[in-house]
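First comes the structure, then the notes that go with it.
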Amino acid sequence: MKYETSEIKKYIQIAKKKHKEGNLNQANEIYKKLINQKIYTFDLLISYGIFNREINNLEIAKKLFILSIRKYPSIVQPYLLLAEILRNENNINDALKTLYAAKKIEKSNSDINYNLSIIYKTIKSFKEAIISIDLAIKQKPKNQIYKILKADILTDLFQNEEAKELLTNLTLPKSSFLYFQREILISKIFINQNKYIKAEKVLLKLKKIFSKEKILYLNLSDLYFKNKELEKGILILKEGINKFPNFIPLMFNLGVMYRNFGLLELSIKTHIEILLKDQFNSNSFYELSTMYDFSNHSDILKKILNIEIENLSQVEKIYISFSKANLFHLKKDFEKSAHFLKIANEEKLKLQPSDLKSKLNRGQYYRNLEIEKIHNLDNKIDSNRYLFIVGMPRCGSTLLESILSINPEVKDMGEVFYLEESLLKTNNFLNVNKLYEEKVMLIGSQKKIYTDKNLFNFLYCPIIYNYFPNAKIIYCRRNPLDNILSIYRTNFLNQSFSSSLKDIAELYSYHLELMDEYKKRFSSIIYSYDHDKVIQNPKENIRSLINWLEWEWNDKYLSPQKSKRSVFTASSAQVRQKINSNSSFYWKKYEDLLKPISKQFLTCN
């Protein structure tokens, strides 16, 4: 018996009521009976689609939204709903295509512009994100959600004061979720400004009001991670997991913190537990592939190697391909490893184009500064001594910083952006030292020597030489082809040049040229540290470095793996091992992959 349109509407309302009451099976049965009638009203397709989305039947939800688009192509709602699912699946290209199609129907729809802005923000196309959200705000100036998104984008751009002004002008009741979102962003601004104590106060205050918001535990753990307070981070994550045992992001953060804290067995155990709850978690697959041989979990190893990547979302394809590459590398099947490395990096470049040009332009700007415009600070004596470790990523710098951190007077700051942020904040180079020191003081350490391992500070050697009179630069190098291969094999999140062998090679050549020049210009403060020589003859080469620094020798410098310090780089697992040459000349295993760029580097080392 066919239902009339009025009856379909009546049953949809009953199904919605059952859904609201939590009677999901009854609601689903009503919807299925209506769908089986094959009278596809717009209300039925959208209502049943939303129902399936909310119970996480996303494939059915997508099919219903696609059907509603085919049946009712001039209504934008299903486009928006479909795009949201695609975005959450990291299927960015299809999500954008869906929203572009909706925009052709309604050019002035604020919700389309809002959703476009979210996607642009996700892929770090911040210029387009701002344009889209400004259009949405212009179309609906009273919409607070749009303004919160704009503040979020501004925060990503480190335009903190503008973001803060936008947020403080919002009038929101304390019990509302919008108030929660605003305060989260204010804590993010404090983190951007390295004001970690203020950020913690905001989040802990929110925790008292919104105790059931699991995202709070995630944000607190991110804060403690950035402030290198891993013990506090582990505690807050355990508290969160106790309350929300099925919230995977909390478990994932815990696994990462264990790894950086040097608790590799606990990290491996945590990621295995994640895979028991979410058997195709690509992030945990990747983490495990960087530190575990799966000797006790051959079933999981087989599962990863058998995953077909063609139907995965773009981000999943990247993580699974890197995982497969790591595992085939471990199995010494270098041909397959190279195959999956190419797939992973080609997909990464689609998401985020190479940032090579911006790095080269920055380097040339500081290289070409007229020296007479720089005023030496002969009379200034820093209260602190800074050691800038520079070079290319994966050059052996994590081992170097571990060696230096054996000195009890050293505070290892890791890969901080203090120098770059200080340069962006002022046009007067005379202020750079002061701005940098203010950031260092926020760490609250009583140490006298600080290591800054932002490797791309090699672009700013003229600034360091002229404006940091007590600073020294340790230039870290290794075999160029081993270095280039290691960069290409690493899933860097914020170095998009690393996905192109050609661009890695070009930047590597540029850094050699630049540092050869700077070693001549600033030779008194630059030490050339050769990673390959250190791992082949640790005692002689580490002693040479310690002598240059004018530190007292201690045999402990030969055992950096015993350091209890937390490590926050891609080498956090490897640095726990004794000094060894296991990765030397591995480039020869990938000769075919490296053939397009290898010739120019064969005589470099």
Q) Does segment 208-240 hold any residues that are under 30 Å from residue 440 (Cβ atoms) and among the polar types (S, T, N, Q), and which are they? A) 219, 221, 227
(Q) Between a residue in segment 317-333 that is touching a residue at least 60 places away in the same chain (Cβ under 8 Å) and assigned by TED's automatic domain parsing to the domain that holds residue 586 and any residue that is surrounded by fewer than 24 Cβ atoms within 10 Å (Cβ to Cβ) and part of a helix (DSSP H, G or I), which pairs come within a Cβ distance under 8 Å, given they are 6 or more apart or on different chains? (A) none
Q: Filter the helices (runs of 4 or more DSSP H) completely within segment 210-277 down to those with at least 1 residues that are surrounded by fewer than 19 Cβ atoms within 10 Å (Cβ to Cβ) and in contact with a His (Cβ under 7 Å, 6 or more places away or on another chain).
A: 264-277
Q) Can you tell me which residues in segment 14-25 are surrounded by 11 or more Cβ atoms within 10 Å (Cβ to Cβ) and in a helix (DSSP H, G or I)? A) 14, 15, 16, 17, 18, 19, 24
Q: Would you mind stating whether residue 127 is surrounded by fewer than 16 Cβ atoms within 10 Å (Cβ to Cβ), out of contact with any Asp or Glu (no Cβ under 6 Å at 6 or more places or on another chain), modelled with pLDDT under 95 and of a type outside the set (A, V, I, L, M)?
A: yes
Q: Would you check which residues across segment 26-42 are surrounded by fewer than 14 Cβ atoms within 10 Å (Cβ to Cβ) and in contact with a helix residue (DSSP H, G or I) (Cβ under 9 Å, 6 or more places away or on another chain) and list them?
A: 29, 32, 33, 42
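So if I check each of 150, 174, 140, which one is buried (at least 19 other Cβ atoms within 10 Å of the Cβ) and of a type in the set (Lys, Arg)? Working first, answer last.
Details: 174 fails: buried (at least 19 other Cβ atoms within 10 Å of the Cβ); 140 fails: buried (at least 19 other Cβ atoms within 10 Å of the Cβ).
Just a single option satisfies the conditions, and that option is 150.
So which of 359, 348 is at pLDDT 95 or above, of a type in the set (Lys, Arg) and either within 21 Å of residue 490 (Cα to Cα) or outside any helix (DSSP H, G or I) (or both)?
Only one candidate passes the filter, namely 359.
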Q: Working carefully through the options 39, 50, find the one that is assigned to a helix (DSSP H, G or I), over 30 Å from residue 350 (Cα atoms) and free of Cβ contacts under 8 Å to residues at least 60 places away in the same chain.
A: 50
Q: Can you confirm whether segment 317-336 contains a residue that is within 23 Å of residue 503 (Cα to Cα), at pLDDT below 90 and either in a helix (DSSP H, G or I) or not aliphatic (A, V, I, L, M) (or both)?
A: no
**Q.** Filtered residues of segment 85-131 (kept if touching a Lys or Arg at 6+ places or on another chain (Cβ under 9 Å), polar (S, T, N, Q), within 22 Å of residue 151 (Cα to Cα) and assigned to a helix (DSSP H, G or I))
**A.** 110, 113, 115, 117, 122
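The values are calculated or read from the model by the stated rules, or taken from the named source; none is laboratory data. A quick note: this is a predicted structure, and the numbers were derived from the prediction, not measured. Counting neighbours? That spans all protein chains shown, and the Cβs are built from the backbone with ideal geometry, glycine included.
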